[in-house]
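The structure appears right after this line, and notes come after that.
No lab work stands behind these numbers, since they all come straight from the coordinates. Keep in mind the model is a prediction, meaning the values are calculated, not measured. For neighbour counting, all protein chains shown are included, and Cβ atoms are generated from backbone atoms with ideal geometry for every residue, glycine included.
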Amino acid sequence: MVQAAASSDAGTFLISLFVGRITDWYKKSEGYDGYLAEQDPGVRSVRAIYDYYKSNGISTVVMGASFRNTDQIKALAGCDNLTISPALLNEVLLPIERGLPFLRHGRIPFKRLGLKLRVR
């Protein structure tokens, strides 16, 4: 949190928090095989920083990155930005595609779903 506060004090536009790497460190340090999304240390870190920024009117963009699974992604829905690998993005979108026939055959109208997708 100290680094996040210093970053915003320095006027940083965006911080990218590596959710999976934070979780990996805790898994190794604490000897856990995994965490439920709500207890995941990477998810909790991003949420804490996001809440700190928003509750203090800080405009620095919070971006979650380096996800290990879709539960981490879903737990951080609503964060300013998320950068998601194509494989995990497909896993997130697959249940949506099954329920919405117009998504089949590669025609995915992200605007209709309220999603903003930028492929780089």
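Loop only by DSSP, 10 or fewer other Cβ within 10 Å of the Cβ. Give me the chymotrypsin sites (Phe, Trp or Tyr not before Pro) in the stretch 1-45 that pass, ordered by residue number.
Phe13
Between Val61 and Gln39, what is 0.36 nm times their sequence separation minus the Cα-Cα distance? Round to one decimal in nm.
5.6 nm
Once you place label points 7 Å from the Cα toward the Cβ at Ala5 and Tyr32, how far apart are they in nm?
With each label point 7 Å from Cα toward Cβ, the separation is 2.5 nm.
Neighbouring Cβ atoms within 10 Å as the yardstick, rank Met1, Met63 fewest first.
Fewest-to-most Cβ neighbours within 10 Å comes out as Met1, Met63.
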